[in-house]
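Chemist: One structure coming up, written as C-alpha coordinates, with questions to follow.
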Amino acid sequence: MNLISNSTHERFIKQAIQLAEKAGKLKEIPVGAVVVKKNNVIGRGYNQRESLKDPTAHAEIIAITAAANTIEDWRLTDCTLYVTKEPCPMCAGAIINSRLKMVIFGAYDEEKGCCGSLYQLCGDSRFGNTVTVRGGVFEERCAEILRNFFKIKRKK
(Lines give C-alpha, C1' and ligand atoms only; values in the text may rest on other atoms or scores of the structure.)
Protein backbone atom coordinates (compact mmCIF):
# COMPACT_ATOMS: atom_id res chain seq x y z
CA MET A 1 0.00 0.00 0.00
CA ASN A 2 1.35 3.41 -0.96
CA LEU A 3 1.25 5.76 2.02
CA ILE A 4 2.62 8.74 0.09
CA SER A 5 -0.10 11.18 -0.91
CA ASN A 6 -0.77 12.27 -4.47
CA SER A 7 0.01 15.86 -3.48
CA THR A 8 3.49 14.74 -2.37
CA HIS A 9 4.06 13.00 -5.71
CA GLU A 10 2.86 16.10 -7.55
CA ARG A 11 5.12 18.40 -5.54
CA PHE A 12 8.23 16.42 -6.41
CA ILE A 13 7.33 15.75 -10.05
CA LYS A 14 6.89 19.53 -10.43
CA GLN A 15 10.49 19.94 -9.27
CA ALA A 16 11.56 17.39 -11.88
CA ILE A 17 9.58 19.35 -14.50
CA GLN A 18 11.53 22.51 -13.62
CA LEU A 19 14.77 20.60 -14.18
CA ALA A 20 13.46 19.25 -17.51
CA GLU A 21 12.68 22.80 -18.62
CA LYS A 22 16.21 23.83 -17.66
CA ALA A 23 17.61 20.99 -19.78
CA GLY A 24 15.48 22.06 -22.76
CA LYS A 25 16.78 25.64 -22.53
CA LEU A 26 20.29 24.20 -22.71
CA LYS A 27 19.32 22.25 -25.86
CA GLU A 28 19.36 18.95 -24.00
CA ILE A 29 16.47 16.50 -24.26
CA PRO A 30 14.19 17.88 -21.55
CA VAL A 31 14.13 15.27 -18.82
CA GLY A 32 14.49 16.11 -15.14
CA ALA A 33 14.74 13.94 -12.03
CA VAL A 34 14.89 14.25 -8.25
CA VAL A 35 15.63 11.66 -5.57
CA VAL A 36 13.70 12.09 -2.34
CA LYS A 37 14.33 10.64 1.11
CA LYS A 38 11.94 11.40 3.99
CA ASN A 39 10.34 14.26 2.03
CA ASN A 40 13.71 15.91 1.33
CA VAL A 41 15.33 16.17 -2.09
CA ILE A 42 18.78 14.61 -1.80
CA GLY A 43 19.66 14.45 -5.51
CA ARG A 44 18.76 16.43 -8.63
CA GLY A 45 19.57 15.88 -12.27
CA TYR A 46 18.65 16.81 -15.80
CA ASN A 47 19.89 15.47 -19.10
CA GLN A 48 23.41 16.63 -19.92
CA ARG A 49 24.55 14.23 -22.63
CA GLU A 50 25.35 16.99 -25.12
CA SER A 51 27.09 19.38 -22.73
CA LEU A 52 29.12 16.67 -20.99
CA LYS A 53 29.63 14.60 -24.18
CA ASP A 54 28.63 11.60 -22.08
CA PRO A 55 26.07 9.02 -23.24
CA THR A 56 25.33 8.09 -19.62
CA ALA A 57 24.52 11.65 -18.48
CA HIS A 58 20.77 11.04 -18.22
CA ALA A 59 18.74 12.92 -15.61
CA GLU A 60 18.15 9.77 -13.57
CA ILE A 61 21.83 8.78 -13.45
CA ILE A 62 22.90 12.29 -12.39
CA ALA A 63 20.17 12.46 -9.70
CA ILE A 64 21.03 8.98 -8.37
CA THR A 65 24.75 9.84 -8.22
CA ALA A 66 24.01 13.12 -6.44
CA ALA A 67 21.76 11.33 -3.93
CA ALA A 68 24.37 8.66 -3.21
CA ASN A 69 26.97 11.39 -2.67
CA THR A 70 24.61 13.29 -0.36
CA ILE A 71 23.96 10.35 1.95
CA GLU A 72 27.40 8.81 1.36
CA ASP A 73 25.92 5.45 0.46
CA TRP A 74 25.09 3.84 -2.88
CA ARG A 75 22.12 2.07 -1.31
CA LEU A 76 19.09 4.31 -1.77
CA THR A 77 16.70 1.82 -0.17
CA ASP A 78 14.42 4.38 1.48
CA CYS A 79 14.35 6.76 -1.49
CA THR A 80 11.98 7.59 -4.32
CA LEU A 81 12.98 8.78 -7.79
CA TYR A 82 10.71 11.29 -9.52
CA VAL A 83 11.39 11.70 -13.23
CA THR A 84 9.54 13.37 -16.07
CA LYS A 85 9.91 10.48 -18.56
CA GLU A 86 9.81 6.73 -18.13
CA PRO A 87 13.37 5.47 -17.59
CA CYS A 88 15.31 3.75 -20.38
CA PRO A 89 17.09 0.36 -19.92
CA MET A 90 20.31 1.95 -18.63
CA CYS A 91 18.46 4.09 -16.09
CA ALA A 92 16.22 1.18 -15.04
CA GLY A 93 19.42 -0.77 -14.35
CA ALA A 94 20.77 2.06 -12.21
CA ILE A 95 17.45 2.21 -10.36
CA ILE A 96 17.64 -1.51 -9.60
CA ASN A 97 21.33 -1.39 -8.64
CA SER A 98 20.85 1.60 -6.32
CA ARG A 99 17.96 -0.22 -4.61
CA LEU A 100 15.52 2.64 -4.89
CA LYS A 101 12.18 1.67 -3.38
CA MET A 102 9.96 3.61 -5.79
CA VAL A 103 9.93 5.38 -9.17
CA ILE A 104 7.29 7.94 -10.05
CA PHE A 105 7.37 9.20 -13.63
CA GLY A 106 5.40 11.50 -15.89
CA ALA A 107 5.38 10.60 -19.59
CA TYR A 108 5.36 7.02 -20.81
CA ASP A 109 7.98 6.05 -23.43
CA GLU A 110 6.62 3.39 -25.79
CA GLU A 111 9.97 3.17 -27.64
CA LYS A 112 12.52 2.83 -24.83
CA GLY A 113 10.60 2.76 -21.55
CA CYS A 114 11.65 0.02 -19.15
CA CYS A 115 9.30 0.70 -16.26
CA GLY A 116 6.19 -0.70 -17.89
CA SER A 117 5.90 0.37 -21.53
CA LEU A 118 8.42 -1.64 -23.52
CA TYR A 119 9.74 -3.73 -20.62
CA GLN A 120 9.22 -3.82 -16.86
CA LEU A 121 12.76 -4.18 -15.56
CA CYS A 122 12.13 -2.42 -12.26
CA GLY A 123 9.35 -4.79 -11.26
CA ASP A 124 11.11 -7.98 -12.34
CA SER A 125 11.76 -10.03 -9.19
CA ARG A 126 14.48 -12.00 -11.00
CA PHE A 127 16.81 -9.07 -10.30
CA GLY A 128 16.56 -9.75 -6.58
CA ASN A 129 14.40 -6.81 -5.67
CA THR A 130 11.38 -5.04 -7.02
CA VAL A 131 10.85 -1.34 -7.31
CA THR A 132 7.34 0.07 -7.01
CA VAL A 133 6.57 2.02 -10.19
CA ARG A 134 3.85 4.55 -10.92
CA GLY A 135 3.62 6.36 -14.23
CA GLY A 136 1.42 9.11 -15.58
CA VAL A 137 1.89 11.73 -12.85
CA PHE A 138 1.48 15.07 -14.67
CA GLU A 139 1.76 12.95 -17.81
CA GLU A 140 0.38 15.52 -20.23
CA ARG A 141 2.68 18.31 -19.02
CA CYS A 142 5.74 16.04 -19.12
CA ALA A 143 4.85 14.78 -22.61
CA GLU A 144 4.18 18.32 -23.82
CA ILE A 145 7.66 19.47 -22.82
CA LEU A 146 9.17 16.64 -24.88
CA ARG A 147 6.86 17.21 -27.87
CA ASN A 148 7.63 20.94 -27.97
CA PHE A 149 11.37 20.30 -27.77
CA PHE A 150 11.35 17.86 -30.69
CA LYS A 151 8.98 20.00 -32.74
CA ILE A 152 11.47 22.88 -32.56
CA LYS A 153 14.47 20.59 -33.09
CA ARG A 154 12.97 19.04 -36.24
CA LYS A 155 12.30 22.45 -37.80
CA LYS A 156 16.04 23.18 -37.90
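Chemist: Please specify each residue of the stretch 57-74 satisfying the condition of being within 20 Å of Cys115 (Cα to Cα) and of a type outside the set (A, V, I, L, M).
Modeler: Pass one, the stretch 57-74, residues within 20 Å of Cys115 (Cα to Cα): 57-65.
Correct list: His58, Glu60, Thr65.
Chemist: Here is a further query. Would you tally the residues in the stretch 76-97 being touching a helix residue (DSSP H, G or I) at 6+ places or on another chain (Cβ under 7 Å), of a type in the set (S, T, N, Q) and closer than 12 Å to Phe127 by Cβ?
Modeler: 0
Chemist: Looking at Cys142, is it open to solvent by less than 20 Å² (accessible area, probe 1.4 Å) and out of contact with any Phe, Trp or Tyr (no Cβ under 9 Å at 6 or more places or on another chain)?
Modeler: no
Chemist: Mind checking whether some residue in the stretch 59-80 is closer than 14 Å to Thr132 by Cβ and either of a type in the set (Asp, Glu) or within 9 Å of the chain's Cα centre (by Cα) (or both)?
Modeler: Yes, the stretch 59-80 contains a residue that is closer than 14 Å to Thr132 by Cβ and either of a type in the set (Asp, Glu) or within 9 Å of the chain's Cα centre (by Cα) (or both).
Chemist: On the given criteria, is Arg134 closer than 22 Å to Gln18 by Cα, basic (Lys, Arg) and open to solvent by 50 Å² or more (accessible area, probe 1.4 Å)?
Modeler: Judged against the criteria, Arg134 is a match.
Chemist: OK, next. Can you spot a residue in the stretch 30-49 that is more than 25 Å from Arg141 (Cα to Cα) and touching a residue at least 24 places away in the same chain (Cβ under 8 Å)?
Modeler: So far as the stretch 30-49 goes, yes, one or more of its residues are more than 25 Å from Arg141 (Cα to Cα) and touching a residue at least 24 places away in the same chain (Cβ under 8 Å).
Chemist: In the stretch 106-127, which residues are in contact (Cβ under 8 Å) with a residue 12 or more places away in the chain and either open to solvent by less than 90 Å² (accessible area, probe 1.4 Å) or outside any loop (DSSP other than H, G, I, E, B) (or both)?
Modeler: Gly106, Ala107, Asp109, Gly113, Cys114, Cys115, Gly116, Ser117, Gln120, Leu121, Cys122, Phe127
Chemist: Could you run through the stretch 129-156 and say how many residues are modelled with pLDDT of 90 or more and either polar (S, T, N, Q) or not in a helix (DSSP H, G or I) (or both)?
Modeler: Taking the stretch 129-156 and keeping what is modelled with pLDDT of 90 or more, we get 131-150.
Among the residues that remain, those that are also either polar (S, T, N, Q) or not in a helix (DSSP H, G or I) (or both) are: 131-138, 148.
Qualifying residue count for the region: 9.
Chemist: Of all residues in the stretch 50-69, count the ones that are part of a helix (DSSP H, G or I) and either loosely packed, with under 15 Cβ neighbours inside 10 Å or at positive phi (or both).
Modeler: The total comes to 4.
Chemist: Could I ask something else about it? Within the set of pairs 6+ apart or on separate chains, which have a first residue in the stretch 77-103 that is in contact (Cβ under 8 Å) with a residue 60 or more places away in the chain and open to solvent by 10 Å² or more (accessible area, probe 1.4 Å), a second that is assigned to a helix (DSSP H, G or I) and not β-branched (Val, Ile, Thr), and C-beta atoms under 7 Å apart?
Modeler: Listed pairs, sorted by first residue: Lys85/Cys142; Lys85/Leu146.
Chemist: A follow-up question, please. Would you check which residues across the stretch 11-32 are part of a loop (DSSP other than H, G, I, E, B) and hydrophobic (A, V, I, L, M, F, W, C) and list them?
Modeler: Leu26, Ile29, Val31, listed by residue number.
The values are calculated or read from the model by the stated rules, or taken from the named source; none is laboratory data. The structure displayed is predicted, hence computed values, not measured ones. Quick reminder, even Gly has a Cβ in these numbers, built from the backbone with ideal geometry, and neighbours come from all protein chains shown. What goes into the accessible areas is simple: the full protein's heavy atoms, side chains included, and nothing from ligands, DNA or RNA. Shrake-Rupley method; radii C 1.70, N 1.55, O 1.52, S 1.80 Å.
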